[in-house]
Amino acid sequence: MTRVRTARQAAAWLDRVGVALLLAKPDNVLPSLWEAVKGDREQTWAIRDADGAFVAWSEEMGVVWRLKDELPERGLACVGKHLGAGVACISPAALPLLYALTGRDGTPEDFRAASTGLELELAEAVLAEGPRSGPELRELLGVPKAQVERALARLQRRLVLTSAGLVEREQGWPAVALDLVARAWELPALPSEDEARRALARLVLDAAGELTAADLAAALGWRRKLAAEVLDEVAEGRDGDGFRIWTRL
C-alpha cells in the first residue's frame, strides 16, 4: 500500500473510504488518516528518550497534523469534531449523507431552527463575520474560553461548524478557523435519512470487512438497536460467539 504523504493522496484515499478518523482508536472500526500515513495502527505518535520523556513528534504525526489543516483549507475534505470525541475526516461525497441525518435543509442559515443560547450566537457570528477561530469568537462575544470551546465542539458535532484551515495570530500558534458546513461545502439535494443511514453503513462495512451493531453504533454515534436494523437492510448477518456479525451481501 502506498503511504499517504500529500493532500491529494489523502483526498483520494478518503474518497475510497468515505468517513475516517484523524487518529486511530483501538475501540473504533473506522479507518484513520494515521493508518493511511503510517501503514498500521501502532500509535507511535511521538519520539521519546530512554526515560520516556517527550522529544519530538514523529515524522508521521507531522504529516497527519499538516493534512488535518490542509485538506479543508484546499476544499478536499471536511475535517472537524464531527463524530464525537476526536477529529473526523469526511469525503465530499459522504458529507451529504451525514448532513442528511441532522434533519436540516442544507442552507447556511439552517442552524437557526435548531440552535439556542451561546451556540446560536456563535453560529450567527460566523454567518455574519465569515470563518473565525475560537479566540476571535471569544473576543467578539466576550464569553469565557471554556464555555466557547464546549459550544464550538457541540456545533461541530451537529455539523453546523467545520474547519476552514488555519489563521495566524499575533501571539502563539495559528488557530483553526471555523466556518458553517453548509457555506463551506456545496451540498446537493440531500438523501432521506433512511437512504443516508444505509449508505453510511455500507461505507463503514466496506472499510471494516465485518461489523457488529455495537461497532457501527460506536463509529457513527447511533443507538445500537438502530445500527442493527440498518445492518439487517444492507448486510448478511450471522451468529458468532454469542453475538451477531454482519458482512456484505
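The values are calculated or read from the model by the stated rules, or taken from the named source; none is laboratory data. Predicted model only: the values in this text are computed from it and were never measured. Each accessible area value is taken on the protein alone, full model and side chains, heavy atoms only, with ligands, DNA and RNA left out. Shrake-Rupley method; radii C 1.70, N 1.55, O 1.52, S 1.80 Å.
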- Task: May I ask you to give the percent of accessible area on region 1-61 that is carbon plus sulfur, with a probe radius of 1.4 Å?
- Result: 52 percent
- Based on the Cα atoms of region 145-215, what semi-axes does the equivalent ellipsoid have, where each is the square root of 5 times one gyration tensor eigenvalue, given in whole Å with the largest first? 32, 16, 13
- Task: Please state, rounded to one decimal and in Å, the Kirkwood hydrodynamic radius that region 61-126 gives when every pair of distinct Cα atoms enters the mean of 1/r.
- Result: 13.6 Å
- With a probe of 1.4 Å, find how much accessible area the chain has per residue, and write the answer as a whole number in Å². 51 Å²
- When the accessible area of region 103-249 is split by element with a 1.4 Å probe, what percent falls to carbon and sulfur? 47 percent
- Using the Kirkwood radius over Cα pairs of the chain, the Stokes-Einstein translational diffusion coefficient at 37 °C and 0.692 mPa s, in µm²/s and rounded to a whole number, is 171 µm²/s
- Please express the shape of region 1-52 as an equivalent ellipsoid: the semi-axes are the square roots of 5 times the eigenvalues of the C-alpha gyration tensor, given largest first in whole angstrom. 23, 14, 8
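Note down the Stokes-Einstein diffusion coefficient of region 169-249 in µm²/s, whole number, using a Kirkwood radius over alpha carbon pairs, 10 °C, and 1.306 mPa s.
So the translational diffusion coefficient is about 107 µm²/s.
With all pairs of different alpha carbon atoms counted, what Kirkwood hydrodynamic radius in Å does region 50-96 show?
Computed over Cα pairs of region 50-96, the Kirkwood hydrodynamic radius comes out at 12.4 Å.
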